[in-house]
Each structure stands twice: as C-alpha cells, then as structure tokens.
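A short write-up of the structure that comes next.
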Amino acid sequence: MPISGIMNLFIFSFSMKKFLIKIGPYFVAVVAVFAVLGSYADGNTDDNYMHFAVKKPQNIILGDSRGSQAVVPSVLKKKLSGDFDNFSLNVVESPYGQIYFKALKRKLDPETKNGIFILTVSPWTLSLDKNIKNSKDFPEEHSPLNDVYTYDRSPNYEYLLKHYTRSWFKIYTERVGAVGKSNSFLHEDGWMEINVNMHKDSVAARTAKKEVFYQALAQQAKLSQERLRAFDEIINYLRTKGTVYLVRIPASKGIMAIENKKFPHFSKLLQDVSRKQNVKFFDFSEESETYMYTDGNHMYRNSSKIFTSRMADSIKVGKR
Amino acid sequence: MLFNSIGFLIFLPIVFCLYWFVFNKKFQHQNRLLLLASFYFYACWDWRFLFLLMFSIGLDYLSGIKIENSKNKREATFWLTLSIVINLGFLGFFKYYNFFVGSFAELLGGLGFKANVWLLKIILPVGISFYTFHGLSYVIDVYKKRIKAERNFTDYAVFVSYFPLLVAGPIERATHLLPQIQKTRTFNYDQAVDGMRQILWGFFKKMVIADNCAPLVNEIFTNYQTESPGNLVIGAVLFAFQIYGDFSGYSDIALGVSRLFGIELLKNFAFPYFSRDIAEFWRRWHISLSSWFRDYLYIPLGGSKGGLSMKIRNTFVIFLVSGFWHGANWTFIIWGGLNALYFMPLLIMNKNRQNIEVAAQGKLLPSFKECFQIFITFLAACFAWIFFRAESITQALDYIKRICSTGIFALPHSLPVKILALIGFMLVVEWVNRERFHGLEIKRFNPWMRRIFYMVIIYIILRYANFGNNEFIYFQF
C-alpha cells in the first residue's frame, strides 16, 4: 500500500475512533436512562403494559374493555382455583380476529393442558366498519397485539419502545410506589380497575356520551365473517388445551337496547356457535339491572366482583 | 421508516458501519450501498411505490442521455418534454386527480348540472413531489447544458433516491449533489460531529416542539367554533411553530445524517421567523423549493426582465404554483396567493432585496425597528398559516372571523405555558446561532459548556418529547 494510502488509513482510523469515542458516552447515557426508567413500569404506566409483563397463564379470559373490567381474575382464583389472566384489551385493539388469535398463541403458556378459557363476547367484538374491505385496514393492525412478540418480560422494553408514547420520565414519576394506583389501573392479572366518580349525575353524563358513541358505531358496524371465522378458530384451538366458555356480559339497559336493536339475534348466534363447538354459553345480557356501570358500558368494580362470582358459579355448575 | 423511530435508529448505524468500514475501499461500492439502503428505506413506507420511484429514476436517466445525444434542439426538446409530461403526469394523477374531478363536479353543480364523477381511492406515494422535482431539475439542467448527462446509472439513482432527502427533501440540484456522489468521500471528524449536533437539534424541534404543539393545534382547529378568540390566536401561533419544528427539524436531521456520510446537502431553512419582511421570509423558508421555482419557473417565464406587470405576473404564478404543490386543496392555493399579495408591495417598491444579511448581524439584540418588523412578518405568516392548516376555505374564513371579535382582548382560557417556554428556549438558541449553518452549531463555545448543553437538550427531549412516532407534516406533500 502506498504511503499516502497508509496515511489516509491512519487519519481515517484516528478520526473515526475519536468520533465514536466522543458520541459513545451520550448514546450509553441515553440507553442507561431508558433502561432505568423502563424498569419502573407497572400497572400505572398505561392501559396495556401489564398484559405484556407477566408470567404466561394457563387460564385466560378474552374480550374487549367490557370484559377487561367486568371479569376479576382474583375472584375466579378463589372460586375455581388456579391463576387466571384477563387478556382483554378493548374493542379497537382486541376484537376477535387473526391478530388476537396470534397474540393469544404467544400469550398462553405452551404447557397448558387443562386450562379454563372464558371468551367474553359482544356484537362489537365480532363486527367491523362496513366500509373496511381490506384486512390491512382493520383497526387492530395498530394494536400492540400485532407487533409485540414478548409477553412475559418485566420490564418489557419491546412494548415500551414500540407503544409507550409519553415521556419515559412519566413511568417513574407516575409509578404506583409514588402516586398510588391511577384512576385506570391494570393489575398484574389483567383486570382493569377503574376508579371514577360514581355520583349518579356523573354516571348519567358518561352513559349519555357512551350511548351516543354506540349509536354512531351501530350505523357503521356489521358482523364480520372474518371475525366469526377467527372466533371459531380460537375456540377450536383452545378446546385442545382445556375447556372453553362463552360469556355475554351485560351492559346498561340503554346500551343493551342499542345492541339488541342492531343485532337482534346475537345471543342466538352465540348459542349456535356453542352448540356447534360443544362449548357452554352463559348469557347474562338480560341482567342489565343487576349491576352498576361506570358509563353504561363498563361494569363498576364492585359489581364486577359480584358478576365474576356468579359467572364462576355458572362454570362450576356447568362442570358437574 | 420515520427518522424518529426505532427502525431508523437501527438502520442508520448499520448503514454507517457498512459505509465506512466495509465498503470504504471505493466510492462506487459506497454508492451501491447507499442505493440499496435508499430503496430499502423507501420500501419500508410502501414497497409497491418503489417501482414508481425506479420508473421515475429510469425515465430521467434515459431522458438525460437522450437529450445530450440529440442531433438537434428539436429532438432534445422532445425528450425534455416527454420527461416533464410523464413525471408531472404521474404527480398530477396521484396528487391531483380527485381534486380536479371533484372541483369540476362542484363547478358543474354550481351551474345547475349534476355530474356523476368517478373519484378514485388513490394513495399518495410518499415523497413523490420531492423526487419528481429532483428528476425534473436534472433533465432541465442537462437540456440547458448546465450539467453533462450522467452515464453511470447507480450514481444517478443515488442522486434521486438518496435516503436522507428522499421523502421530504431538501430538493437537491444535480450540479450540487452529483459531484459529491462521484468522488471519494473521506471521513471528516468535524463534519460528522457537527452533523450529530444538527441531528440532535432536528430531533429537539420535531419531537419536543412540533409533536407537543400538534395535539393542541388539532384540538383548537377541530373545535374552533367553541374556542375563545385568544385560543384561536394561540392555535395559529402554535401551528406556525409546529410546521416549523416539523419541517425544519426533518431537514436538520436529513442534513445531519447526510454529513455522517460525508455528503453536504443544501440548506433548507435559515431561521425564517427572524425575517424582517416577507421577501426575506421566503429566502429563508423551504429554500430548496423556492429556489427551484425561481430557477425553473420564474426565470423561464421572464423573471424580473420585462416590465413591472410581468414581474407581478411571474411572482403570482410561482406563489400560486408553490401553494398548489403543497396539496390538492384550494386552501393551499389561497395560502400561496396570500403570500404573493404580501410580496407585492415589496416588489412594486423594489424593496424585496433590502434585508439580505441576517437580523442584527454582529449584534446581540435586534433594534426596536427590527423587533417590530420581525413581529409583523411573523403575524403575517401566522395569518397565512391558518389557510394552510384549515380543512377548507370556509373553515379558514370562519376561524379568522372568530378571532376578529371583541373577545380577542380577553386572556385565553388557558395558556400552554410549558410549550410556550420550550418554544421560547428554541428561539433563544436559534437567535444566538442565527448566523450559523444550523441552530446548534456551537463549536465556538467552550467544550464543557457544549457538553452540558448537549445533556440539557437530551434531557429536554427525554423529558418532554412526544414519542408517538408522529409523522412529519411534509410527508403528505
């Protein structure tokens, strides 16, 4: 190699080394800060984090936000023995479909043999906006269920890097140890505990808003064959690993009226599915007035415990 | 792949290491790497439109050679026209088909006719406005004999598809970028370090300023009918900083990234909100686009030669076309027209080139006169931004009408103190460095002061940035 080439190589190596040494500490510092802050993630972090940071379960609850708030795994544990995990997110991120199915396979403990699987179903978890034609436009395409591959890491940096959109300092400043449980706290077992003002006027205002939302949704939604197919596949898959139960959770009278007007034969549809699949179906949809709701759609936490207990009793009876 | 995404933070170091450690023996190898990396970068957006990009590259590459090999002017003009028509044809179809068809239907409807129009669900290929103009500037420069036709396909393809500038500019010139692609690049420590500073500043403007303004701006513009006049003013001001932070932040990241590879791109922003008049503003805002229109539209139309009426006509044309370039909506055309109106008095009085040097050059603070001029120019820009941001002309006019009520003298319901403080911080930093290439060019300061300042910027980004992978506004153009 000519002298000029050697000189150039030396200058390059020296310059590059100097550059990497100069910027290296900044990158290390930033990564260290992220690592430390991320280690404080807990149920206050956001509405989904804890679904990706706990041990893989053998007994699981599926559904949307109605399910995530109405079914209390700790009550099921007392009644049915065994740890349960509520893997319900919300109607946008966990409607029944191929994405939820793939996520379920990643979430469930691969050693599961005699699990109990409670699939909470509402018409909204099986329907789709009538204008959507392409599966790439399904709302759950942007769900963390679609692109997070690790479900039992704590802290789960993959989830935080891909889906936590706030400053990571908030993970630290808003942790349970610092501020107590937030108003929407996701327990380790997946139960979403909501703490809101339950004065009847506040409830009425939230319920009115929710009814407007569902009325608008009803204009656009229709039952989706893709979702029904995926629902069948999920049941088939889970049946090989244990016992499946379908549950229709009640909502307030107003919300149920909107649902039943739009989907008058929904309970019959679920009965047909349960018969075809040889699984039990518990329809609580006519028990609206038995429970209290924070906003007409989601059960209030005290009512959730009662509901879960009754559901567990039904499962126990169903087992005999 | 957004610059502010994990994917890019993995992509960039890999390409950097391959570029300087594996393929550094010959610049031709580095060019091939840049081309593959750029195609991969673009394919991450939508692989289907990669073929359109490749077609555009191929078309202009061949057109350049054909123009140079032409036996006579007529033949050369034929190839030039073919390239322009096809390039603008694609741009027109993807970007403006629904606009023209919809506007035509509305016009017919206004005249009492009912038209059944066929609107298509067209996805706009990201970056098409930018790479189309890249290609056009090249064929025009070859035609005008400013540059020889490029015979090396890889070199030409890198010029068009170079990933830092592919999706949102700056709009480069072949005379500036091609020579850099065609020579050996040596790693320059100072260039790379300053590139990193520019990247850091770009991320600050995008993630802290622009992405924090965005939710407030969206809320105010969506609910403008129930907002107070004070809040509407805040909405317009915040949008001015949102679009500045977003676009100049992107440009800073693009330029900084390119400098890591030893390639200098054209400066795209020169602190436009410190402008003392609208002519100066347009010399400092989206410089690569306004200079493109000046060189390829204004000057061919006659430019400043000929009488005042021709100058006025040409100025209006480029501002209206510039507005139209931004999007298929009458609001952008009105925005362009408004800026043309602002420009007119300066043009007529021959004062459009009176503020060439930077405000308060060589001094620490501006004079009262300069402060006033900067404030008025900023207000004028904000007013025009209302049209840029609004969904329709009706909304923009309603927005303005609601600002201009007696309630404007009342304090806004709530002042976004945090974001205003961050904007103030940005303005101070950029004011101090307004005579430099970018806002964080602080090499002249003491090393320890610099290190502390970098840590402050990094802390602010970590503490206050919005990490929601928010897209850059100019991707929609």
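Between A:K200 and B:I400, take the C-beta separation as r, use R0 = 45 Å, and let me know the FRET efficiency to the nearest 0.05.
Details: r = 43 Å, r/R0 = 0.96.
Efficiency, from the Cβ-Cβ distance: 0.55.
Mind running the shape call on the range B:149-290? Use the C-alpha gyration tensor, a ≥ b ≥ c as the square roots of the eigenvalues: rounded below 1.5 for a/c, prolate if a/b tops b/c, oblate otherwise.
Since a/c reaches 1.5 and a/b is larger than b/c, the shape of the range B:149-290 is classed as prolate.
Hey, what angle do you get for helix A:253-262 against the long axis of chain A, alpha-carbon based, 0 to 90 degrees rounded to 10?
Computed tilt is about 90 degrees.
For a 28 Å ceiling on Cα separation, which of these pairs sit above it: B:K205/B:K267; A:K136/A:K305; A:K136/A:K222; A:K113/A:K316? Could the numbers behind the result be given before it?
Details: B:K205/B:K267 16 Å; A:K136/A:K305 37 Å; A:K136/A:K222 18 Å; A:K113/A:K316 19 Å.
A:K136/A:K305, as the Cα separations exceed 28 Å there.
Among the lysines, select those whose C-alpha is under 17 Å from the C-alpha of B:K311, and discard any that sit fewer than 8 residues away in the same chain.
B:K351
Take every residue in peptide B:187-194, count the Cβ atoms of other chains within 10 Å of its Cβ, and give the average of those counts. Please report the intermediate quantities before stating the final value.
Working: counts 8, 4, 9, 2, 2, 7, 5, 0.
Partner-chain Cβ atoms within 10 Å, mean over residues of B:187-194: 5.
With runs of 4+ DSSP H residues as the only contributors, calculate the mean residue ellipticity of chain A at 222 nm using -39,500 (n - 2.57) per run, divided by the residue total and rounded to the nearest 500.
Values: 13 runs with 157 residues, N = 320.
Helix contribution divided over all residues of chain A: -15500 deg cm²/dmol.
Treating only the Cβ of Lys, Arg, Asp and Glu as charged (+1, +1, -1, -1), what charge dipole size does the protein assembly as shown show about its Cα centre? Round to the nearest 20 debye. Mind dumping the intermediate values first?
Values: 92 positive and 61 negative charges, 242 e Å.
Rounded to the nearest 20 debye, it is 1160 debye.
Sort A:50-56, B:236-242 by packing, meaning the average of other beta carbons within 10 Å per residue, with the highest value first. Could the numbers behind the result be given before it?
Working: A:50-56: 21.1, B:236-242: 23.9.
Going by the mean number of other Cβ atoms within 10 Å, highest first, we get B:236-242, A:50-56.
Cut-off is 10 Å between beta-carbons; in what order do B:K443, A:K262 appear when sorted fewest neighbours first? Provide the component values of the computation, followed by the final result.
Working: B:K443 12, A:K262 19.
Fewest to most other Cβ atoms nearby, the residues stand as B:K443, A:K262.
Relative contact order of the range A:39-319: what whole-number percent is it, with Cα pairs under 8 angstrom and at least 6 residues apart?
On the way: 501 pairs, mean separation 80.4, N = 281.
Relative contact order for the range A:39-319 comes out at 29 percent.
What is the spin-label model distance, in nm, from B:F375 to A:Y172 if the labels are put 7 Å beyond Cα along the C-beta direction?
4.1 nm
Explain nothing, just the number: relative contact order of chain B, from Cα pairs under 8 Å at least 6 residues apart, as a whole percent.
18 percent
Could you sort the peptides A:178-190, B:381-393 by per-residue average Cβ neighbour count (10 Å cutoff), highest mean leading?
On the way: A:178-190: 16.1, B:381-393: 20.2.
Order by mean packing, descending: B:381-393, A:178-190.
I'd like the distance separating the alpha-carbon centroids of the range A:103-129 and the range B:135-198, in whole Å.
53 Å
Please identify which residues in the range A:150-194 have an amide N closer than 12 Å to a label point set 7 Å out from the Cα of B:I6, following the Cα→Cβ vector.
A:150-151, A:156-165
If r is the Cβ-Cβ distance from B:I312 to B:E391 and R0 is 22 Å, what FRET efficiency results, to the nearest 0.05? Intermediate results must be reported in sequence, preceding the final value.
Numbers: r = 31 Å, r/R0 = 1.39.
Rounded to the nearest 0.05, the efficiency is 0.10.
Please state the shape class of the range A:39-319: rounded when a/c is under 1.5, otherwise prolate if a/b exceeds b/c and oblate if not, all from the C-alpha gyration tensor. If you can, show how the numbers build up before the last one.
Details: a/c = 1.27, a/b = 1.13, b/c = 1.12.
Judged from the Cα gyration tensor, the range A:39-319 comes out rounded (a/c under 1.5).
In the Gaussian network model of chain A, springs joining C-alpha atoms below 10 Å, which of A:G254, A:G115, A:G24 carries the largest mean-square fluctuation?
Result for chain A, Cα springs under 10 Å: A:G24 fluctuates most.
Can you figure out the FRET efficiency of B:L415 with B:Q225, using R₀ = 22 Å and their beta-carbon distance, to the nearest 0.05? It would help to have the intermediate numbers written out before the result.
Details: r = 21 Å, r/R0 = 0.95.
About 0.60, to the nearest 0.05.
Could the peptides B:289-296, A:204-211 be put in order, highest first, of the mean number of other beta-carbon atoms found within 10 Å of their residues? Numbers along the way, then the final one.
Values: B:289-296: 18.9, A:204-211: 16.0.
The densest-packed peptide leads the list: B:289-296, A:204-211.
Could you check the simple spin-label distance between B:D190 and A:A257, using points 7 Å along Cα→Cβ, in nm with one decimal?
Computed distance between label sites B:D190 and A:A257 equals 7.7 nm.
When the helices in chain B are scored as -39500 (n - 2.57) per DSSP H run of 4 or longer and the sum is shared across all residues, what 222 nm value do you end up with, to the nearest 500 deg cm²/dmol? Provide the component values of the computation, followed by the final result.
Details: 20 runs with 300 residues, N = 477.
Mean residue ellipticity at 222 nm (helix-derived): -20500 deg cm²/dmol.
With springs only between Cα atoms under 10 Å, which of A:V91, A:V71, A:V30 fluctuates most in a Gaussian network model of chain A?
A:V30
Excluding same-chain residues fewer than 8 positions from B:K363, which aspartates and glutamates have a Cα within less than 12 Å of its Cα?
Counting by Cα, and skipping residues close in sequence, B:K363 has these aspartates and glutamates nearby: B:E435.
Take the alpha-carbon positions of the protein assembly as shown, form their convex hull, and give its projected area averaged over all directions (one quarter of the hull surface) in nm².
Working: hull surface 169.1 nm².
Result: a mean projected hull area of 42.3 nm².
Calculate the spin-label point distance for A:M292 paired with A:K56, positioning each point 7 Å from the Cα along the beta-carbon direction, and give it in nanometres.
Rounded to a tenth, the inter-label distance reads 4.0 nm.
So what's the gap between the Cα centers of the range A:247-320 and the range B:262-321, to the nearest angstrom?
So the two Cα centres are separated by 66 Å.
Each value in this text was obtained by applying a stated rule to the coordinates, not by laboratory testing. All figures in this text were calculated on a predicted structure; none of them were measured in a lab. Backbone-built Cβ (ideal geometry, glycine too); neighbour counts: all protein chains shown.
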